[in-house]
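The values are calculated or read from the model by the stated rules, or taken from the named source; none is laboratory data. As the structure is a prediction and not an experimental result, all values here were calculated from the model. Cβ atoms come from the backbone with ideal geometry, glycine included; neighbour counts cover every protein chain shown.
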Amino acid sequence: MKKILSLFVILASISASCFFSNADSFEILDGYVAEYVSNNPFEVSFKNKIEDKKSNNSQSSVENQNILTGRVVLGDEQILNDEYRYLIDGKRVGAIVNQTSVNYDGVNLKNVLYNYKNANLTALYAPEHGIDGNIKAGDYVSTRKDVSTGLPVYSLYGDTREPTKAMLENIDVMLFDLQDIGARTYTYISTMYKSMEACKKNNKTFVVLDRPNPVSCKYVEGFMLEDIAKSFVGIDNMPMAHGMTAGELARYFNRNIGVNLVVIPMKNYTRDMIWQDTGLKFKQTSPYIPDIKSAFGYMATGSSENMGIGMSDFFNWSGGKGINSTLLAQRLNSYNLPGVNFVAQTKGQSGGIRLDVYDYHTFNPAKTGYYIIATANEQKKLLTNLYEKNGKPNMFYKITGNKAFAQAIDAKKSAIEIENMYRNQADSFRENTRQYYLYK
C-alpha cells in the first residue's frame, strides 16, 4: 500500500511540474518515471535486479522495455536476441547498410555487428547514394573502405547492381537493413531484390531486418508495372505504392527467387502506422529525402519524370512552364483530397503548387500524385513518349510503368477517371499479396 501511495505522490508531483513548465504534452512523464525508478527503486532487491540486467547486457531485457513503452522495435534491434542471434553466431557476416541502418539509439548496424564478438563481420555493401547517403541520385557509387570499421564497402550502384560471386565469397549470411519509403521506384528495394538473387545463386542466407513503411501500409495505389518496363526503378510487378514493408516485399519477391530467406519482424508495428506513430527518429534516406515531410511528398510530386512538369523543394512542390499556379491549385483543391491543401506557388517561369499536408494519417501520396499529373494535363499537354530512339523503354515508361497511363494522359482523362482505371489492379495486388503480410 505504501508503494502505491508513493507512486501516486510521484506522478502528481511530475504532472504539476509538466503543467507549470508549460509542457506541450505529458510524454515526458515516461522519462521522469524511468529516471526516478532507476535512481530510487522501491526495494534494494529491485535495484539489484536492474543492475544484474545491466551487467549482463541483456538484449532481451531492452526489447521487453521497448515493448512495454509501445514504440516500434526494429528488426535490427533484435538480431542479438536469443531468438535470432543463431543467424550470425559463428558465421561470416555481410551487411547491406547505409546511414539509415540505425537502431533506436542511433547506433549503426555495422558498428553493432563489428563489436559483436560471436560473429565476424567481413564485408559491407552500399546501395544508391552510397553508405553515407550523400551521393546524388543516379551518380556512380565507388567501392571503398569504411571509415569506422575499416571493412570493404562493395558498391551495388557502380559497375554492378548485384553482388558478384567475388563479393560474396567471404560471407555466410547477408543482412539487409535499409529504410525504404514505400514507393516502387525507390531503388533500395531493387538492391534487395538483386542481392536476394545473388545470394540464391551463391547459396547464402539472406536476412531482412524489417523497418516501417514511413507512409503506412494502408495505401496500395497505381498502375501495375508491366514486364517490358521493369528496371532498377521498377524491379517487380507492383503498383506505385506497394503498401508493404521491406520484409514483406522480400517475401513477395522470393516467390520468384527462392533464396533461403529470414525476416526479423518489428514489434508493436501495425499496417496503419505512419512514421510519426512509431516513436522513432527519421533519418535522411537520400539527399532529396532529408525528412519525413519529403518522404510523404515523394510519390505525390516525383512521378512525372520527362512529362514536362517536375518537382522542387525536396518533393514538396510540383509544376512547370505553361502552368497557371492559381488555376492548378483551385482545381486540385476542388477534389477535396484527404489530408492536403494545394497552395499556388510560382517559381520563376514555372507555375505550380506546394503541398500543405495537414493530416499525414489521411494523406495518400501516390493517389495525390496521379491527381496532380492529370490536373496539370488539363492546362498543357504533357509528354508521354514511352521509348528511346533505340526502341527501349525510356525513364517515363520505367517510372509510370504502364502504357494505359500514357494513353489516359493522351486522351485527357480526368484524375477521377485515371484513378478508376488503376483501382482494380491496385486492389487485386493488395489481395494477392496478403499472404506475405507480417503485420495486421
Restricting the search to the stretch 131-162, which residues are within 26 Å of residue 234 (Cβ to Cβ), in a loop (DSSP other than H, G, I, E, B), free of Cβ contacts under 8 Å to residues at least 40 places away in the same chain and touching a helix residue (DSSP H, G or I) at 6+ places or on another chain (Cβ under 6 Å)? 162
Keeping to the stretch 298-310, report how many residues are more than 20 Å from the chain's Cα centre (by Cα) and not small (Gly, Ala, Ser). 4
Every residue from the stretch 84-99 that is part of a loop (DSSP other than H, G, I, E, B) and either surrounded by fewer than 23 Cβ atoms within 10 Å (Cβ to Cβ) or touching a Pro at 6+ places or on another chain (Cβ under 8 Å) (or both): 84, 89, 90, 91, 98, 99
Pick from 77, 83, 128: which is touching a residue at least 40 places away in the same chain (Cβ under 8 Å), in contact with a helix residue (DSSP H, G or I) (Cβ under 9 Å, 6 or more places away or on another chain) and of a type in the set (Asp, Glu)? 128
Please determine, by comparing only the residues of the stretch 216-236 that are touching a Phe, Trp or Tyr at 6+ places or on another chain (Cβ under 8 Å) and among the charged types (D, E, K, R), which one is surrounded by the fewest Cβ atoms within 10 Å (Cβ to Cβ). 236
Out of 384, 346, 375, 400, sole residue that is over 20 Å from residue 217 (Cβ atoms), touching an Asp or Glu at 6+ places or on another chain (Cβ under 7 Å) and either hydroxyl-bearing (Ser, Thr, Tyr) or modelled with pLDDT under 95 (or both): 384
Would you check which residues across the stretch 161-172 are surrounded by fewer than 24 Cβ atoms within 10 Å (Cβ to Cβ) and within 23 Å of the chain's Cα centre (by Cα) and list them? 161, 162
Identify, by number, the condition in (1) without any contact (Cβ under 8 Å) to a residue 60 or more places away in the chain; (2) out of contact with any strand residue (DSSP E or B) (no Cβ under 6 Å at 6 or more places or on another chain); (3) not in a helix (DSSP H, G or I) that residue 371 doesn't meet. (3)
For the stretch 178-201, which positions are among the small types (Gly, Ala, Ser) and closer than 20 Å to residue 133 by Cβ? 182, 183, 190, 195
Restricting attention to the stretch 369-396, which residues are over 29 Å from residue 334 (Cα atoms) and among the aromatic types (Phe, Trp, Tyr)? 387
